[in-house]
1. Restricting attention to segment 121-132, report how many residues are in a loop (DSSP other than H, G, I, E, B), surrounded by fewer than 16 Cβ atoms within 10 Å (Cβ to Cβ) and either touching a helix residue (DSSP H, G or I) at 6+ places or on another chain (Cβ under 6 Å) or in contact (Cβ under 8 Å) with a residue 40 or more places away in the chain (or both).
2. For segment 185-220, give me each residue that is under 23 Å from residue 256 (Cα atoms) and touching a residue at least 60 places away in the same chain (Cβ under 8 Å).
3. Just wondering, is there one or more residues in segment 104-115 that are farther than 20 Å from residue 61 by Cα, in contact (Cβ under 8 Å) with a residue 12 or more places away in the chain, touching a strand residue (DSSP E or B) at 6+ places or on another chain (Cβ under 8 Å) and crowded, with 20+ Cβ neighbours inside 10 Å?
4. Give me the pairs: first residue in segment 221-246 and free of Cβ contacts under 8 Å to residues at least 12 places away in the same chain, second residue assigned to a helix (DSSP H, G or I) and surrounded by 10 or more Cβ atoms within 10 Å (Cβ to Cβ), beta-carbon distance under 9 Å, and six or more apart or on different chains, which are they?
5. Out of curiosity, is residue 64 crowded, with 16+ Cβ neighbours inside 10 Å, at pLDDT 95 or above and closer than 21 Å to residue 284 by Cβ?
6. May I ask you to verify whether residue 146 is in contact with a helix residue (DSSP H, G or I) (Cβ under 6 Å, 6 or more places away or on another chain) and either free of Cβ contacts under 8 Å to residues at least 60 places away in the same chain or part of a helix (DSSP H, G or I) (or both)?
7. Being in a helix (DSSP H, G or I), at pLDDT 95 or above and in contact with a strand residue (DSSP E or B) (Cβ under 6 Å, 6 or more places away or on another chain) narrows it down to one of 250, 260, so name that one.
């Protein structure tokens with residue numbers, strides 16, 4: 001029921017208009033979304049750099065409805081790469097294929113992605129293709145491996161989700177072709193026919209995939225806020241003589257900033273995923289709808305961070 005409520009709220013434009021002009025709601029959103037423009041996003045990137053943290057920028061907005069919208073989204077990403085280069089910002093970008101027209105035409109999506117990746121190659125930058133719900137997993141991996149990665153092996157990587165049964169096989173495939181992987185647990189509500197329903201199984205899958213990527217992968221991104229998993233990653237790296245420059249930890253903007261800084265002080269690499277754009281309200285509602293437990297997750301981590309600050 002809670003999921004249905006969040007999805008309903010995500011589509012209510014009148015509520016969105018109210019929230020965008022409500023100081024309290026906007027201040028909450030500002031904690032997890034870096035404003036509505038490239039300028040505000042780059043300001044957030046500069047602040048992260050001051051903390052010795054790199055960034056991955058994500059312009060909010062998922063599935064588009066026509067070719068014009070898809071082309072506009074692609075042009076926006078090219079412009080973002082231009083701005084990152086101009087300001088010498090320590091950032092790359094994350095892209096959802098549905099925002100590039102995947103649901104309209106795969107050829108259109110590939111054409112747009114090639115324009116983005118060509119610009120990334122010109123600048124020596126990097127583009128991470130985000131993974132969406134399981135209905136897109138195979139299409140995304142096929143398009144990545146067959147039509148994008150061969151032409152831009154140094155400039156494009158993929159995301160894999162440990163809650164899917166197929167995760168370890170996908171990790172092995174990525175290692176075989178030497179593709180860069182960002183490993184996350186996954187946030188979409190999936191049927192039990194394709195994904196583990198229990199957290200313990202998702203965590204076990206994550207750790208198994210993480211171990212394999214740390215041993216044999218191409219600079220994997222360990223995307224998690226789970227302190228138990230982070231502790232295991234550090235233990236595993238030490239036990240197997242894996243240097244901190246062979247991988248990086250990744251977290252969401254505004255979540256566990258205390259833990260981010262702690263890892264930096266300990267000598268680990270950290271990248272923060274920075275969403276921005278006018279569609280921040282639907283973004284927040286959809287993230288909460290995907291897993292209503294995210295409400296407790298966000299508020300719980302805010303509490304942990306506040307407690308941590310008081311102790312220091």
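1. 0
2. The answer is 187, 188.
3. There is no residue in segment 104-115 that is farther than 20 Å from residue 61 by Cα, in contact (Cβ under 8 Å) with a residue 12 or more places away in the chain, touching a strand residue (DSSP E or B) at 6+ places or on another chain (Cβ under 8 Å) and crowded, with 20+ Cβ neighbours inside 10 Å.
4. 243/237
5. no
6. no
7. 260
The values are calculated or read from the model by the stated rules, or taken from the named source; none is laboratory data. This structure is a prediction, so every number in the text was calculated from the model and none was measured. Here the Cβ is made from the backbone with ideal geometry for all residues, glycine too, and neighbour counts use every protein chain on show.
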